[in-house]
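What follows is calculated from the coordinates using simple rules that are stated; it is not laboratory data. Keep in mind that what you see is a predicted model, and the values were worked out from it rather than measured. Glycine also receives a Cβ, built like all others from the backbone with ideal geometry; neighbour counts cover every protein chain displayed.
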Amino acid sequence: MISSNDLMMSVRKLAKESHWQIIYSQSKEVGGIHLFRNSVDFTYLQTMFLNSLSFYDSLFIDIAMGEVDSFVLDDFVYEEAYVYYKNQLRRKKEEFKMVSKFDKSDKQSGLNNKTTILFKRAKKK
């Protein structure tokens, strides 16, 4: 019997192959190419495979754009670490944009940089 970890690693290894990446890419762009015989009600394994295809598609795009070196593909741990780093970086940029947006609007309106949140109870009927 195969363990769930071994199954996941096998699915990821398969999804990393250029053959499946090309089919995945074309199915997104053309729309007429199907990865599976069924087009709805995906099994858990199919969903895991689609998720892995998306994961590697994003990773290969970042490599092609020069945001990361291809050595991250040498180990699953490197891949996970890079995606974690990328997500943390994205969150910080979003937080910075939100803070900058509030600062600009407050300065333009002449208000101070404090934000007040008012909690109210629902009125009883």
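Laid out as a table, the results:
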{"item": "Summed side-chain charge close to Gln26 - residues other than Gln26 whose Cβ falls under 15 Å, Lys, Arg +1, Asp, Glu -1", "result": "-2"}
{"item": "Environment charge at Leu59 (Cβ cut-off 15 Å; Lys +1, Arg +1, Asp -1, Glu -1)", "result": "-4"}
{"item": "Cβ-derived FRET efficiency at R0 35 Å, Ala64 paired with Tyr44, nearest 0.05", "result": "0.70"}
{"item": "Those aspartates and glutamates that a straight Cα-Cα span of less than 16 Å connects to Lys13, excepting residues fewer than 8 apart in one chain", "result": "Asp57, Asp74, Asp75, Glu79, Glu80"}
{"item": "Radius of gyration and maximum dimension Dmax of the stretch 1-67, Cα, Å", "result": "12.8, 41"}
{"item": "Interchain or long-range residues, amide H under 5 Å from Ile33's placed H", "result": "none"}
{"item": "Spin-label proximity, Met1 to the stretch 20-53 - amide N less than 18 Å from point 7 Å beyond Cα toward beta carbon", "result": "45"}
